[in-house]
Amino acid sequence: MSSAIEEGKTYEPGTYPDLPPPASTVGIIGWVRENLLSSTANIVLTILAAYLIWVVVPPSLNWLFFNAVFEGASRDECRAVMNEAGVKGACWAFIGHRFELFVYGFYPEAERWRVNVSFFLMLAALVPILYDKTPQRGRMMIGSAIAPFVIGWLLIGGLGLEPVPTDKFGGIMLTLVIGVTGIVGSLPLGIALALGRASHLPALRMVCVVFIEFIRGVPLITLLFVASTMLNYFLPPGTTFDLLLRVLIMVTLFASAYLAEVVRGGLQAIPKGQQEAADSMGLKYWQSMRLIILPQALKISIPGIVNTFIGLYKDSTLVIIIGMFDPIGVGRASLADTKWQGLSTEVYVFVAIFFFISCIAMARYSLYLEKKLHTGH
Amino acid sequence: MSTPEAEVSTQASEGSNLQISDEVVIKIRDMHKWYGAFHVLKNVNLEVNRGERIVICGPSGSGKSTLIRCINRLEEHQQGDIIVDNVELTNDLKNIDAIRREVGMVFQHFNLFPHLTVMENCALAPIWVKQVPRKEAEETAMKYLERVKIPEQADKFPGQLSGGQQQRVAIARSLCMNPRIMLFDEPTSALDPEMIKEVLDVMIELAKEGMTMLCVTHEMGFAKTVANRVIFMDGGEIIEENDPHEFFDNPQHERTKLFLSQILAH
């Protein structure tokens, strides 16, 4: 590429050189002009946005970090420190004091190592599932399939471990148990329901439609109440059925109905020719689904699927209604302590930050996945 | 740039030299099909011998695509018999699978699997349907990709190829199953003019090797070059069938004449 044209020279057709773009359209100046100042409306919006950032961000940062008090034994100590400096900020000392409660709930202190081991086991099990370049992925997957049972054994106990009743579960650990179980359980169930609803077999289709529409037509809270109270009426007398297990089942069923509809949308977006091509080559129904249709349908559905997962994860806080202590429940219980009264903002901001970090991780992963699966069509 | 038609027709009459055996591979008897209340195929009777190259043409909506889609059961017929390679098409899934293993199909819109590479597209069915070991399936795939002259594209995704290249991959994909019969459903209709020739060349090559072919197409140059029989359909019926020279030079039926005058006029 030559960078200049000679003055006054005329070029034969086909020999005109490639020129660099005008300086005003590239670099920082070009970017600012293009994106921030391209029109009057854009200029006004840029100024408004800058004002909004100036109003919101510095005070928030001051409250969260610069003026915050991280150590102290009571609310009064926090307040004393801030009064001395003449500022207002968060009293994170409170969260620090209650941190273990936030993480483990009422899980017995001597057994908390089991929660930690379970957490790292979960992370290890997720690696080969989420990252396709894991070395020895096939073998690692077998580990991932076994991990849930090991984690269940670690958390609940028995078989040589001190049993821990599930009503001791609480805090972030409870959120993770409900969220991860719900996600892992609802994806296959949701796919199965979507395939059932798209099936040619009328009886199967009917069952799936009724299930999906019923679950979607009822608020999750109602289902949780049903799980906590009414299920006993339906079960034979004398059967005890762990409350957490019932909640896990209800949350999984609830999310699977939504997922089924998301996946059904993806299935409908696949051109009919794909199924025909698979049929014409002699692939069986399950083969064509697994190899051809579902990989494409799920790829299209990723934003919707992750949306449902994020919703499920946050909805796990609703278990507070039936007396379980998720992070919000732990926070509210902590606020009853007279030494720390009146710090509800800190509690809820802390819980919000925890959920935000979890959910943004899911959202970013879904973007990564979409990009990775893009094959130029 | 010469038009594909002109190129193709210089090779005319080669088709008549090819061997056709007496063995009947497709037998369609008194076959009817309805879409709901719409009678789309009426009393179709057709026998195809091994090695025959049949071109099916006719106005749109005449049922020609539906006819060849019935042969591998992408469409279900309601009356009459279809016997492919001595296997009768019924609701028996075993028979359908057996026939689909023997019959390859190439579609108007290629229908390649966009999430798989060219190589994976080709090796998929042999691996899963015929339980061929992966390595062997990939070697076969490479062989056929070389035959359609795009071995260098093996690791690309279909979305990165031109229409003509995609259709050639689709042909290679069908050939990987080693079919005894190939069905072509308007294989060049979705292609830009300059890409039609590369696909037709591959099909001509295939015909010369003795493949039994049924081809729905409007490429009359192709019909003249390789077909040994041309079938004209209208309104769901086979109106006329003849060898290509008779068909084009001396059409019998009024509707055939009208159709030929319309497609050859420009």
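The values are calculated or read from the model by the stated rules, or taken from the named source; none is laboratory data. Remember, predicted model here, so these are calculated numbers, not experimental data. Cβ coordinates were reconstructed from backbone atoms using ideal geometry, including for glycine residues, and neighbour counts include every protein chain displayed. Keep in mind that these areas ignore ligands, DNA and RNA; they rest on the heavy atoms of the full protein, side chains included. Shrake-Rupley method; radii C 1.70, N 1.55, O 1.52, S 1.80 Å.
For the pair residue B:42 and residue A:368, a Förster radius of 45 Å applied to the C-beta separation gives a FRET efficiency near 0.20, rounded to the nearest 0.05. On the basis of the beta-carbon distance and an R0 of 56 Å, residue A:62 and residue A:137 show a calculated FRET efficiency of 0.75. Accessible surface for region A:186-311, divided over its residues, is 48 Å² per residue with a 1.4 Å probe. In whole Å, how far is the Cα centre of region A:47-111 from that of region A:252-329? One Cα centre to the other: 39 Å. Accessible area per residue (1.4 Å probe, heavy atoms of protein chains only) ranks A:325, B:184, A:234 as A:234, A:325, B:184, with the largest value leading. The Cα atoms of chain B give a gyration tensor whose axes a ≥ b ≥ c have a/c of 1.5 or more with a/b no greater than b/c, which makes the shape oblate.
Which residues, if any, in region B:120-135 lose at least 40 square angstrom of accessible heavy-atom surface (probe 1.4 Å) when the other protein chains sit next to their chain rather than the chain being alone? Residues of region B:120-135 that lose at least 40 Å² of accessible area once the other chains are added: B:124, B:128, B:129. Accessible surface buried by the B/A pair amounts to about 2000 Å², both sides summed, 1.4 Å probe.
Would you mind checking B:149/B:224; A:314/A:339; B:149/B:208; B:156/B:208 for any pair whose Cα atoms are more than 27 angstrom apart? Violating the 27 Å limit, Cα to Cα: A:314/A:339; B:156/B:208. Residue B:112 contributes about 10 Å² of solvent-accessible surface, heavy atoms of the protein only, 1.4 Å probe. Remark: the Cα gyration tensor places the protein assembly as shown in the prolate category, a/c being 1.5 or greater and a/b exceeding b/c. How many angstrom separate the Cα center of region A:155-196 from the Cα center of region B:76-151? So the separation of the two Cα centres works out to 43 Å. Note on residue B:93 and residue A:210: their simple-model spin labels are 2.5 nm apart, each label 7 Å out from Cα toward Cβ. Out of the total accessible area of region A:191-329 (probe 1.4 Å, heavy atoms of protein only), what percent is carbon and sulfur? For region A:191-329, the apolar C and S fraction of the accessible surface comes to 71 percent. Taking each residue as 0.36 nm, the span from residue A:55 to residue A:43 lengthens on full extension beyond its C-alpha to C-alpha distance by 2.5 nm.
Determine which residues of region A:82-121 fall in the zone a paramagnetic label at residue A:349 would reach in this model, i.e. backbone nitrogen under 14 Å from the point 7 Å along Cα→Cβ. A:82, A:87-96, by backbone N distance to the label point.
Projected label points at residue A:360 and residue A:87, each 7 Å from Cα along the beta carbon direction, are separated by 2.2 nanometres. With protein chains left intact and a 1.4 Å probe, residues in chain B average 43 Å² of accessible area per residue.
Beyond a 19 Å Cα-Cα separation, which of these cross-linked pairs lie in this structure: B:27/B:257; A:371/B:135; B:42/B:64; A:272/B:130? Correct reply: B:27/B:257; A:371/B:135; A:272/B:130. Taking each DSSP H run with n ≥ 4 as -39500 (n - 2.57) and averaging over every residue of the protein assembly as shown yields -17500 deg cm²/dmol at 222 nm. For residue B:258 and residue B:34, the FRET efficiency from 1/(1 + (r/R0)^6), where r spans their Cβ atoms and R0 equals 30 Å, is about 0.70. Separation of region A:342-367 and region A:227-246, taken as the distance between their Cα centroids, equals 33 angstrom. Split the accessible area of chain B by element, probe 1.4 Å, and carbon with sulfur accounts for 47%. From the square roots a ≥ b ≥ c of the eigenvalues of the alpha-carbon gyration tensor of region B:87-208, which class results: rounded (a/c under 1.5), prolate (a/b over b/c), or oblate? Oblate is the answer for region B:87-208, as a/c is 1.5 or above yet b/c matches or exceeds a/b.
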